[in-house]
Every structure is written in structure tokens, then in C-alpha cells.
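Asker: Mind looking over this structure? Questions follow.
The values are calculated or read from the model by the stated rules, or taken from the named source; none is laboratory data. Fair warning: this is a prediction, and the values are worked out from it, not measured in the lab. Note: ideal-geometry Cβ built from the backbone for every residue, glycine included; neighbour counts use all protein chains shown.
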Amino acid sequence: MRFLFTAGTARGGTNFRTLMLNNHPRIRMSLDPFIPLFRFYRDSLLRSVGEEQLLSQLPSVNVLDDYYYSKTKLKIMRLIQQSDPDIEFDMSAWDELKAAIAGRMQLASVDLAAHLDKLPAPSFREVFRNTMQVIAATSEVADELDWVGFNDNWTMEFIPLIARLDPEAKFMLHLRDPRAVVNSSEFAEPDPAKRPTIVSFARHLRKYYAFATVLPRDPVLEDRLLITGYERFIEDPEREVRSMTDFLEMDFRPEMTDISRFRKADGNQWPSDAAIYKTSAEIWRQEMPRDMVELTEFICDPEMRLHGYHPEIYDDNIGLSHSAFEFALTNFRDCLGWRTDYPEVERMLGGEFYRKQMLRAGSEYPDDEIERCFLFTDVYRKLGKLAEPSE
């Protein structure tokens, strides 16, 4: 069996795609089980290059960082991407890590927790390979599986590292309209303590659009990365599932698109139906306040346009409206959920206005300055063409 690693964002429709994969009898996927492992891997990578002091600059929440507007955070991102991925796994930390992973698994992959002792190994190369053993142990036909893996949201930046660890692995990256993602976070999540600030969430989405722009050009991912889109799955699920099975060199099975076959980790039916999925792509248009839409577009534009999502309210020639600006301030001050914002509101929004001006000005900027605002110089160059003022 071979390793399949997929990623996206929370509220990004990854469950829908992953459950379709799981409907294939020779594919076994789990939902979001290992984010504590990735955080531990990130910390271990920084320690391996003698940069343990940088750990204090990282957010304590379960998401990773968006890395924008900070020389130190940009350094962290670069170190992670440039490090030797095959480093030692610190077994002395296993008991604490095991408890964290088991806790995370209670959300959607509770069936894996009993098999966690199959995971630890001397190196991270072996550990990530062992994730397949943990997942396959829950299958009654483990010997018949061709692909075994998992989706873990927020982990896209680790795809190139795992590609170097496992030359036979393949990867999928799932995108969704940022307005639909933010809308789902705000209105489908009943617990306000789990709703992040709009700016934090949108900035993470923008990071994913940036990575989705550069990853397909990474030589290590040639013919190994498939970018999928939630809206395309809703529009024509069979076409999109066929694109996945072709990518995996598997036979298409009609039952893969049968939503009634979706199952939770405990075997019970997945709590959704075709009608809910069908309306989910556009429901933000009815539910989302205008200022929330504008703020989301302000943060995610123009990166969102690189992937076919176009602003409908925010106009870069006019700038952020006063009401959307006030909405951002209120949300920043009143939000009870997680955030990776800077604690100073002027810094939280100031970087956003500055990067817009960088695109308008068309001046030359140092690479470090570009990357603090756009993460990658290649992304900045592409965006410069998109953001040229209309005549």
C-alpha cells in the first residue's frame, strides 16, 4: 500500500472529498487525526537546526502560523521548508504526544486511538510511514488496500517535506471559496469559542492560496500533487472523483459519489445529505453580512483570484469601506475564538493596507519585504499583474 496525504482548511470541504475517497474499497482515509504530530514535527525541525528559541514566536493554538508581516515568522517558514526532513523522533516526548493525538482523534478519527502505539519510530520518515499502519489497523481488509492515508487541515506546508521522505507518496490539496469557508466558520459552528477572528481565518486561507500557487512547480511534486476544489465536486462529483482515481491509478467506483454511504469513524452514518451539500457552495450569498464578505475579500484578494475566486464587493480601486473597517475592529475586539492576529490592532490591519499599496505602486522592493507580505516572490509577481488598476 502507498501513502496518500491530503490537506485543506477547516470548513474547507475536505470531509466531503475524503469520504468519497473512503467509499472506494481499496482506499482507507482518516479525517484530521494528526495535527499534534505536525506541530511536534515543526518544533523538532526547528530544534534540529539549533533554532529552538523561535518556538516562543509561534501560536499556541492548534493551527499553524500564517507567517505574514514578521521577519522572525518568515524565518521560521523558510527553516521548515529548507530543513532536512528526515530527523530523529524524540521518543522521550511520546507519552505527552500520544495523549495530544488521542485527544485530537476524538473529533473525527476515534477508531485510530487504540492503535497509536504503532506510530513511534526512531525517525520521522518511519513515523509518517507508520501512520499507514495505524489507519490500516482499523480496516478488516487491510491486505487489500492500495492507498492509505489521511487528511489533516492546516498542514499544506509540510507536503514538500513528506514528499522527500516518501518518494512513492501522493498528495491532494483542497481549495474552497474563502467566503464560503468564513461563512461556515461563523454560522455553522455553534460554539463562539471555536470561531476565529475573520482576519486570522482569512489570512490563513490566503496563505493556502499562496502555497497552492507555488507547490505545483516544486520538482519533488511533479505528477504527485492534485489540486481539487470544493465547488467542482458539488457541480459534478463523478467528474471530480474520476480525476482523483485517475491520479491514483485506480478504477472509478460509482459508489464513491454515494453520500448515503458516508460513515463516521464509529461506523454510524455521516450526518449530512445531498441536498445540504448542493446548497453549501452558494449559501454564503444569503447568510453572510455584507461587511463580512468585504473584509474576507479584502484579506484574500488578489490571491483568491489566482484560483478562480473573484471579489464581488471589495473594490481595490476604492479600498476597504468604513463599515467593513469598523466591522473588522469589532470582530477583533469581541471574538472569543482562536487567533493568530498581532495583539495590536493597528499592526493587525496595517500590514494589509501596506501590501495593497505595494501592488498598486509597482515599485521595486527587497525580496524579504515582498515575502513578509506575500510569502513568495513568485506569488507577488503573479499578483502584480492581476492587481493592475483598471482603466
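Asker: Does Glu326 qualify as being surrounded by 11 or more Cβ atoms within 10 Å (Cβ to Cβ) and of a type in the set (D, E, K, R)? Walk me through it before giving the result.
Answerer: Numbers: surrounded by 11 or more Cβ atoms within 10 Å (Cβ to Cβ): yes; of a type in the set (D, E, K, R): yes.
Criteria met by Glu326.
Asker: When you go through Leu329, Leu349, Leu320 one by one, which is the residue that is assigned to a loop (DSSP other than H, G, I, E, B), of a type in the set (A, V, I, L, M), over 30 Å from Val110 (Cβ atoms) and more than 22 Å from the chain's Cα centre (by Cα)?
Answerer: Values: Leu329 fails: assigned to a loop (DSSP other than H, G, I, E, B); Leu349 fails: assigned to a loop (DSSP other than H, G, I, E, B).
Among Leu329, Leu349, Leu320, only Leu320 is assigned to a loop (DSSP other than H, G, I, E, B), of a type in the set (A, V, I, L, M), over 30 Å from Val110 (Cβ atoms) and more than 22 Å from the chain's Cα centre (by Cα).
Asker: Restricting attention to region 372-385, does a residue exist that is without any contact (Cβ under 8 Å) to a residue 60 or more places away in the chain, touching a helix residue (DSSP H, G or I) at 6+ places or on another chain (Cβ under 9 Å) and of a type in the set (Asp, Glu)?
Answerer: No; the residues of region 372-385 include none that is without any contact (Cβ under 8 Å) to a residue 60 or more places away in the chain, touching a helix residue (DSSP H, G or I) at 6+ places or on another chain (Cβ under 9 Å) and of a type in the set (Asp, Glu).
Asker: Given region 78-171, what helices (runs of 4 or more DSSP H) lie entirely inside it while holding 1 or more residues that are more than 22 Å from Leu225 (Cβ to Cβ) and at pLDDT 95 or above?
Answerer: Values: elements: 94-105, 124-136, 159-165.
Once the helices (runs of 4 or more DSSP H) in region 78-171 are filtered for at least 1 residues that are more than 22 Å from Leu225 (Cβ to Cβ) and at pLDDT 95 or above, what remains is 94-105, 124-136.
Asker: Any chance you could count how many residues in region 241-278 are under 15 Å from Ile27 (Cα atoms), of a type in the set (Phe, Trp, Tyr) and assigned to a helix (DSSP H, G or I)?
Answerer: Of the residues in that region, 1 qualify.
Asker: I need the full set of residues from region 225-248 which are closer than 24 Å to Leu161 by Cβ and surrounded by fewer than 16 Cβ atoms within 10 Å (Cβ to Cβ), in order please.
Answerer: Within region 225-248, just Ile227 meets the criteria.
Matching residues to (1) under 24 Å from Ala136 (Cβ atoms); (2) of a type in the set (A, V, I, L, M); (3) modelled with pLDDT under 95; (4) in a loop (DSSP other than H, G, I, E, B):
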site	(1), (2), (3), (4)
Phe3	yes, no, no, no
Gly12	no, no, yes, yes
His24	yes, no, no, yes
Leu46	no, yes, no, no
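The rows are residues; the columns are (1) surrounded by 14 or more Cβ atoms within 10 Å (Cβ to Cβ); (2) under 30 Å from Glu189 (Cβ atoms); (3) not assigned by TED's automatic domain parsing to the domain that holds Arg263.
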{"residue": "Ser92", "(1), (2), (3)": "no, no, no"}
{"residue": "Gly103", "(1), (2), (3)": "no, yes, no"}
{"residue": "Ala108", "(1), (2), (3)": "yes, yes, no"}
{"residue": "Asp111", "(1), (2), (3)": "yes, yes, no"}
{"residue": "Leu116", "(1), (2), (3)": "yes, yes, no"}
{"residue": "Glu126", "(1), (2), (3)": "yes, no, no"}
{"residue": "Ile135", "(1), (2), (3)": "yes, yes, no"}
{"residue": "Thr138", "(1), (2), (3)": "yes, yes, no"}
{"residue": "Trp147", "(1), (2), (3)": "yes, no, no"}
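Asker: If only one of Asp66, Asp86 is touching a Lys or Arg at 6+ places or on another chain (Cβ under 7 Å), crowded, with 19+ Cβ neighbours inside 10 Å and touching a residue at least 24 places away in the same chain (Cβ under 8 Å), which one is it? Steps first, please.
Answerer: Details: Asp86 fails: crowded, with 19+ Cβ neighbours inside 10 Å.
Matching residue, one of Asp66, Asp86: Asp66.
Asker: Ok, one more. For region 209-236, how many residues meet the condition of being closer than 24 Å to Ile276 by Cβ and in a helix (DSSP H, G or I)? Full working, then the answer.
Answerer: As a first pass, look at region 209-236 and keep what is closer than 24 Å to Ile276 by Cβ: 228-236.
In the following step, the residues that additionally are in a helix (DSSP H, G or I) were identified as 230-235.
Of the residues in that region, 6 qualify.
Asker: With respect to Ala202, is the statement that it is buried (at least 24 other Cβ atoms within 10 Å of the Cβ), in contact with a helix residue (DSSP H, G or I) (Cβ under 7 Å, 6 or more places away or on another chain), in contact (Cβ under 8 Å) with a residue 40 or more places away in the chain and of a type in the set (A, V, I, L, M) true? Break it down into steps so the answer makes sense when it comes.
Answerer: Working: buried (at least 24 other Cβ atoms within 10 Å of the Cβ): yes; in contact with a helix residue (DSSP H, G or I) (Cβ under 7 Å, 6 or more places away or on another chain): yes; in contact (Cβ under 8 Å) with a residue 40 or more places away in the chain: yes; of a type in the set (A, V, I, L, M): yes.
Against the criterion (buried (at least 24 other Cβ atoms within 10 Å of the Cβ), in contact with a helix residue (DSSP H, G or I) (Cβ under 7 Å, 6 or more places away or on another chain), in contact (Cβ under 8 Å) with a residue 40 or more places away in the chain and of a type in the set (A, V, I, L, M)), Ala202 qualifies.
Asker: Further, regarding this structure: Kindly indicate which of Asp341, Asp378 is surrounded by 16 or more Cβ atoms within 10 Å (Cβ to Cβ) and in the same structural domain as Gly308 (by TED's automatic domain parsing). Walk me through it before giving the result.
Answerer: Values: Asp378 fails: surrounded by 16 or more Cβ atoms within 10 Å (Cβ to Cβ).
That would be Asp341, the only listed residue that is surrounded by 16 or more Cβ atoms within 10 Å (Cβ to Cβ) and in the same structural domain as Gly308 (by TED's automatic domain parsing).
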